[in-house]
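Where a number appears in this text, it was derived from the coordinates with a stated rule and is not lab data. Keep in mind the model is a prediction, meaning the values are calculated, not measured. Cβ atoms come from the backbone with ideal geometry, glycine included; neighbour counts cover every protein chain shown.
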Amino acid sequence: MLNLKWKLEEKETFEGYASKTPKSKALHERAKKVLPAGVSYSIRYFEPYPFYTAKAKGSKLYDVDGNQYIDFWLGHTALILGHSPSAVVKAVKKQIEKGTHYGTAHELEIALAEQVAKMIPTAEMIRFTNSGTEANMYAVRLARAYTGRNKIAKFESGWHGGYDALHVAVKPPYDMPESAGLTPGALQDTLILPFNNLEGVKEKLEGIEKKTAAIIIEPVLGVGGAIPAEKEFLKGIREFCDENGILLIVDEVITGFRLAPGGVQQYFGVKPDITVLGKILGGGFPIGAFCGPAEIMEKVDHLRYQRPQFSFHGGTFTANPITMTAGLTTLKILEDGRLINRLNRLGDKIREELKEIFEASGVGVQVTGTGSLFDVHFTKEEVKEPGATFRADRKKLAEYHLRLIENGVFFLPTHNGALSTAHTKTDIQKLFSETEKFAKSLK
């Protein structure tokens, strides 16, 4: 009966959505002929088909059928100022007249690097890339070059992009390959660690500490369900790395400039050896970056180190002037921390309120996250490690998100939500009211 009920509810949800999105349905049929699955990134597909966005402004998305959605996905959490913030748009328009891509050195890359160094204490030097995946790839290479060691340790459900050596153990079962085409050779030096379990980390690395170049961690798991690392756990990892000559790489592609202006070292009180950035840093344009103390970053300097001693980095569109302009404008707005702190307080309120709404209807949930990131898990089990995320009722989570979408509130189904400075009290109240309707429907 439970399975039948799910299918009936799913069918009703799809029918309501489909009745509002006929143009998107037609576009998806067209897209499938030229784009695998009809999308440019697999996670952007959801049943029965994704809506197709026509424009976006502030906290809202508008699809080709004229539907409006309050957006809590925010371009994969990248848009902390909302869609098309006026200050960024103005600066980008001015830069476009001067050139869209140079392929040479220019002052804007210096200015953004200086701004990052000003905000993140350990970021003495920085190199830009075009995505978080690229940045993580180059960070791992740099760690190996600096330490002279080969092994890299990552955590269960840690997501660091599609780079082969890190594209492992993202979702349970962790021993199943995440993709075809990943060779044993690409993964043979990658070690998998348990999240929020310091003793488990030490056990996994016992005897191979001196062969390990780096431990890489997301301070808040993305794919793993917006689970924050416990402060004492992070501090323990830092101490363990120091004791064994292991570099600590903190992947702040999601959390960088969202939790605090100074990143994880300001928010959690832990200093990385290498910080990986992306998303917010680009101000709405493609970007990635890796940064750290000069002693480590100088290994990228081909004038100081000759082949094969230096760690290569490059790319056609690295430090693109449009992206540098948008990123610099964004960071200057966020620099004093007032907007970030306001969003963090709002995040606390949202996590508390969502839990109360579900519990008032007798629905067992856990609401995870920190700062302006949040996620709902349909389970009574405490969610402090990613296994609990995937043991929760994921079908119910998808149903919840699809109901929200049908009623004008967008979360990418089964993914976490994020806040922007463009969200209004009315937007938040709409999230609460639609959540309450869904919760009551489960009685």
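Some notes on this structure:
- Computed from backbone phi, the HN-Hα couplings of the range 259-276 come to 7, 6, x, x, x, 4, 5, 7, 7, 9, x, 10, 9, x, 7, 10, 10, 9 Hz, rounded to whole numbers (Karplus: 6.51 cos²θ - 1.76 cosθ + 1.60, θ = phi - 60°; Gly and Pro given as x).
- Partners of Lys279 within straight-line reach, counting lysines whose Cα lies under 16 Å from its Cα and excluding those fewer than 8 residues away in the same chain: Lys332.
- Restricting attention to the range 86-334, close to 40% of DSSP beta bridges with both partner residues there are antiparallel.
- Once C-alpha pairs closer than 8 Å and six or more residues apart are averaged by separation and normalised to the residue number of the chain, the relative contact order reads 20 percent.
- Taking the range 293-420 and dividing mean pair separation by its residue count, relative contact order in percent (alpha carbons under 8 Å, at least six apart): 15 percent
- Projecting the Cα atoms of Thr414, Ser19, Thr133 onto the charge dipole of the chain (Cβ charges, centred on the Cα centre) puts Ser19 farthest toward the positive pole.
- The trypsin sites (Lys or Arg not before Pro) of the range 350-382 that DSSP puts in a loop, and whose beta carbon has at most 13 other beta carbons within 10 Å, are Lys380.
- Over the chain, the reciprocal of the mean inverse Cα-Cα separation, the Kirkwood hydrodynamic radius, stands at 22.8 Å.
- Listed cross-link partners Lys23/Lys55; Lys202/Lys380; Lys25/Lys380; Lys204/Lys384; Lys396/Lys437; Lys23/Lys425 are compared with a 25 Å cut-off, the Cα-Cα value being larger for Lys202/Lys380; Lys25/Lys380; Lys23/Lys425.
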